[in-house]
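Here is the structure we will look at.
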Amino acid sequence: LKMEEEKEPGREKEKQKWKRPHEDTLKINVDSSFRQESRDGGWGFVIRDCESKDVKACGGKLSMH
């Protein structure tokens, strides 16, 4: 699992372009966010094949109330 390194404050995040997986391979992209002040957030994932076709996608809310 490769985690994104935190950047120094004020520096923009580098944009990364989606790279297709090898043939007969699926790729899973995930993301999430959390707001400490409201103690809520969201998550999501998408699974794509080597032709960039969606196989499955899902997302939801997070709540720490």
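Read the figures in this text as sums done on the coordinates, not as results from a lab. Computed from a prediction, not measured in an experiment: that's the story for all the values here. Note: ideal-geometry Cβ built from the backbone for every residue, glycine included; neighbour counts use all protein chains shown.
For this structure, a couple of remarks:
- Restricting segment 11-65 to trypsin sites (Lys or Arg not before Pro) that sit in a DSSP loop and have at most 11 other Cβ atoms within 10 Å of their own Cβ leaves R11, K13, K15, K17, K19, R39, K53.
- Radius 11 Å from Cβ of I47, net charge of other residues (Lys, Arg +1; Asp, Glu -1): +2
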